[in-house]
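Structure first, then comments.
Every number in this text was worked out from the coordinates using simple rules, so none of it is lab data. Predicted model only: the values in this text are computed from it and were never measured. No Cβ is skipped: glycine too gets one built from the backbone with ideal geometry, and neighbour counts run over all protein chains shown.
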Ligand code: TXA
Ligand code: MG
């Protein structure tokens with residue numbers, strides 16, 4: 001293992017970010033189980049959306065430890081991994097790929113990338129790496145080390161130069177939906193290639209093809225959720241933010257210190273905890289609509305049923 005691979009692995013173990021080459025595009029990676037690190041990735045992308053991220057693994061065995069790949073998905077993994085195919089499957093172990101990396105979904109996207117450097121990192125790390133493409137939001141995916149550094153290098157404490165990406169186009173994203181395979185994002189592996197191995201594939205639904213992250217049903221609590229509540233009602237579970245009274249029952253403080261990255265890291269798991277609490281409703285404190293706060297508010301609004 002080269003010295004720079006070791007540097008990247010120790011950065012990831014410390015909860016920091018690393019720019020990593022894959023055969024498709026460069027990724028901005030972190031430990032998929034570390035919600036603070038995942039929040040930093042969203043922050044680095046700018047105009048963060050909390051789209052669910054791909055968990056990168058060495059191969060099928062590593063994927064099966066936390067993702068429930070069905071028989072067809074396994075056949076595809078055997079045929080195309082390592083390679084540019086991402087499979088979305090029910091999550092089995094939510095500690096390995098944290099709630100924020102999955103945007104609160106009960107599914108996980110997983111793929112084994114085909115590049116020796118990221119494979120060495122994954123092998124040494126022994127856990128999946130969550131990585132979106134290393135571009136700032138709204139910009140093209142970087143396919144050279146220099147482009148990746150220009151986009152998000154300032155946020156990474158390590159980077160590996162793996163040369164220009166061989167494929168240069170993002171992976172194909174395929175979901176298992178009620179026993180059917182659905183094409184969520186066209187990409188480097190073609191529909192024809194997939195159908196040869198696994199039979200018919202359904203197209204993404206409506207706007208989903210353009211924006212699969214938006215198509216997926218996002219986590220919504222079963223209790224009514226009210227937003228921007230500075231003074232919580234008696235009996236409501238409260239998602240607080242910033243200084244809050246000590247000892248109030250059913251209070252889940254997203255960040256007592258008012259830190260948006262910490263709030264993002266806690267958001268989905270605290271929403272679930274508030275839903276489980278012995279209270280009839282959930283109320284959420286106002287959260288500043290700046291930086292990561294935009295994505296936090298977007299997700300809270302979706303959870304409250306305010307956005308489609
Ligand atoms: O080639 C690639 O896929 C590159 C390299 C770095 O691996 N990664 C990449 O990541 O393009 P990103 O974050 O830019 O795109 C991930 C795609 C998004 O379209 C997202 O909506 C979808 O995967 N996705 C991730 N998890 C999902 C889930 N649980 N359900 C549905 N779609 C999911
Ligand atoms: Mg991208």
Task: Residue-averaged 222 nm ellipticity for the chain, from DSSP H runs of 4+ at -39500 (n - 2.57), nearest 500 - done: -9000 deg cm²/dmol
TODO: With everything on Cα atoms, drop me the angle between helix 116-125 and the longest principal axis of the chain, reported from 0 to 90° to the nearest 10.
DONE: 50
- [ ] Quick one: order 255, 157 by neighbouring beta-carbon count within 10 Å, fewest to most.
- [x] 157, 255
- [ ] Mind checking the full-extension length gain between residue 93 and residue 180? Use 0.36 nm per residue of separation minus the Cα-Cα distance, one decimal, nm.
- [x] 29.1 nm
Open item on the list: Suppose R0 equals 25 Å. What FRET efficiency, 1/(1 + (r/R0)^6) with r the Cβ-Cβ distance, do residue 10 and residue 161 give to the nearest 0.05?
Closed with: 0.90
Task: Cα-based convex hull volume of the chain per residue, rounded to whole Å³ - done: 125
Open item on the list: Give me 155, 50 sorted ascending by neighbouring Cβ count inside 10 Å, so fewest comes first.
Closed with: 155, 50
Task: Stretch gain in nm, segment residue 220-residue 74, where the contour uses 0.36 nm per residue and the Cα spacing is subtracted - done: 49.6 nm
- [ ] Calculate, in nm to one decimal, what residue 65 and residue 169 gain on full extension: separation in residues at 0.36 nm each, minus their alpha carbon distance.
- [x] 34.7 nm
Task: Relative contact order (%) - criterion: Cα under 8 Å, at least six apart; region: segment 225-303 - done: 41
Open item on the list: If you take every DSSP beta bridge fully contained in the chain, what fraction is antiparallel? Give it as a percent rounded to 5.
Closed with: 50
TODO: Label segment 219-308 by shape, choosing from rounded, prolate and oblate, from the square roots a ≥ b ≥ c of the eigenvalues of the Cα gyration tensor; if a/c is under 1.5 it is rounded, and otherwise prolate applies when a/b is larger than b/c, oblate when it is not.
DONE: oblate
TODO: Quote the relative contact order of segment 3-168 in percent (integer), defining contacts as alpha-carbon pairs under 8 Å separated by 6+ residues.
DONE: 38
TODO: Rank these for me by crowding, 238, 81, going from fewest to most other beta carbons within 10 Å.
DONE: 81, 238
Open item on the list: If I take R0 = 35 Å and measure r between the Cβ atoms of residue 203 and residue 231 in this structure, what FRET efficiency does the formula 1/(1 + (r/R0)^6) give, to the nearest 0.05?
Closed with: 0.15
TODO: Determine by what factor the alpha-carbon radius of gyration of segment 3-168 differs from 2.2 N^0.38 Å, reporting the quotient.
DONE: 0.93
- [ ] Extending each Cα 7 Å along its Cβ direction at residue 272 and residue 150, get the distance between those two points in nm, one decimal.
- [x] 4.0
